[in-house]
Structure formats: structure tokens, C-alpha cells
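Right, one structure below, let's go through it.
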Amino acid sequence: MTIEYMVFIEQRWLAMCAELMNRKIYEFSSIEDLFGSRQKYFTHLWGYKQKFKDNQQLAEKFCKDCSDRREYDFPDVFEKFKMKEWFNY
């Protein structure tokens, strides 16, 4: 897949679908906070996509680390997630 399609899907497609469905969407962070290392809540994976595709162990470790972080940050919600069949795929 070319970068143009990836950017479209990741950054524009959801907003277009929401508009078609007359749904409002909101940003998690302001554009100002995304630059200059001021935001601490999101991980940008753009540079890692190919690495994850090429290295299954790296991808699995990253998923495990994200899951551990989610459990640490949101223990109550995490317990509810674990009750779902799809959680333990």
C-alpha cells in the first residue's frame, strides 16, 4: 500500500464517514499540543509500521506493552475488556 493511501485511510477516512452519517467527531488533542513534545498520551506509529510488518516478535512485544500500559492506566476498564471473547484472541 502506498503512503498516500495510508495517510488517507488513517487521517481522513473516518472524518468523511462521520460527515456522511451526520456524526460529530472530536480531536483528542490540539494541533499545538501535538508538536514540541508537549503531549504525553499518544504513540505515533508511522515509522514503525514497516518494522512491525517485518518483525513479528517486535509487533507482538509492542502489543503486549500497549496492553500492559492500558491495564496500568485503566485497571477497572481493563477488567471489563478481559471478559470479552475477542480480547484473548
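Among the residues of the stretch 13-40, those that are modelled with pLDDT under 85 and over 28 Å from PHE81 (Cα atoms) comprise SER30, ILE31, GLU32, ASP33, LEU34, PHE35, GLY36, SER37, ARG38. Residue count for the stretch 61-84, restricted to those that are part of a helix (DSSP H, G or I), within 15 Å of TYR41 (Cα to Cα) and open to solvent by 100 Å² or more (accessible area, probe 1.4 Å): 2. I'd like to check something: does the stretch 1-11 contain any residue that is modelled with pLDDT of 80 or more and in a helix (DSSP H, G or I)? Among the residues of the stretch 1-11, not one is modelled with pLDDT of 80 or more and in a helix (DSSP H, G or I), which makes the answer no. Looking only at residues of the stretch 41-55 that are open to solvent by 80 Å² or more (accessible area, probe 1.4 Å) and over 14 Å from the mean Cα position of the chain (by Cα), we find that the one that is modelled with the highest pLDDT is ASP54.
The values are calculated or read from the model by the stated rules, or taken from the named source; none is laboratory data. What you see is a predicted model; the values in this text were computed from it and never measured. Accessible surface areas use protein heavy atoms only, side chains included; no ligands, DNA or RNA. Shrake-Rupley method; radii C 1.70, N 1.55, O 1.52, S 1.80 Å.
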